[in-house]
1. For segment 3-166, what is the relative contact order in percent, using Cα pairs closer than 8 Å and at least 6 residues apart in sequence?
2. What full-extension length gain, to one decimal in nm, is calculated for ALA129 and SER108 as 0.36 nm per residue of separation minus the Cα-Cα distance?
3. Estimate the FRET efficiency between GLU51 and SER28 by the formula 1/(1 + (r/R0)^6), using the beta-carbon distance for r and 22 Å for R0, to the nearest 0.05.
4. What number, rounded to the nearest 500 deg cm²/dmol, is the helix-based mean residue ellipticity at 222 nm of the chain, given -39500 (n - 2.57) per DSSP H run of at least four residues and division by all its residues?
5. Per Stokes-Einstein, at 10 °C and 1.306 mPa s, what whole-number D in µm² s⁻¹ belongs to the chain, with the Kirkwood radius over Cα pairs as the hydrodynamic radius?
6. What is the extension gain from THR18 to GLU98, computed as 0.36 nm multiplied by their sequence separation minus the C-alpha to C-alpha distance, in nm to one decimal?
7. Could you compute the net charge surrounding THR58? Neighbours are other residues with a C-beta less than 12 Å from the C-beta of THR58; K and R count +1, D and E count -1.
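Each reported figure results from applying straightforward, stated rules to the coordinates on display, with no laboratory input. From a predicted model like this one, the values you see are computed outputs, not experimental measurements. Don't worry about glycine lacking a Cβ; one is built from the backbone with ideal geometry, like all the others, and counts go over all protein chains shown.
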Amino acid sequence: MRIELRIATNGNIAQAITTAAAHFFSGSEARAWANLGPFDERETSFVLAYEGSEPVGTVTIRWNPNYPLFRQAGIPFIQNIEIRHDLRGQGYGSRVMEAVEELIGRRSPQAGICVALFDAYGPAQRLYAKRGYVPDGRGACHRFTPLRRGEVITLGDDHLLWLVKALDRDR
């Protein structure tokens, strides 16, 4: 069955967050709003991914992202991907990503994403590599700033590798 993307608008974002929180974000609307941040449908797409009538994932797309390299190059940023826990490891992440890339491909020849560096993000790292995402060439970063040789850090969620993918716009 095909993945259907339902994109929130300024008029229905509150209902979309309520629906998302029922299946994602540990059941917390506050966490869903915090993950979304400022919302305007012209700048951000909050997406619920469905298979039939069942929500299977959620994704946020930032059309004008904060990451300077992506913003300057006009590369949309795929952010906050979450697949329902009971569906993980069954290919839903790749299927949702494929649908999101198709959506982005209507507006841009590239998509960007980032992933944290430590072991808990291993499945996401593998998924993005399998889907053709490659490092943007700046190396590992602390948020937007590249790490330097010899720098000592305590690895956290904000130590990232920024990745890009050329999209097939002829789909």
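1. Result for segment 3-166 is 18 percent.
2. 5.6 nm
3. Step by step, r from the Cβ atoms, then E = 0.40.
4. My calculation for the chain gives -8000 deg cm²/dmol from helical runs alone.
5. After rounding, the answer is 95 µm²/s.
6. Working it through step by step, the gained length comes to 26.3 nm.
7. +2
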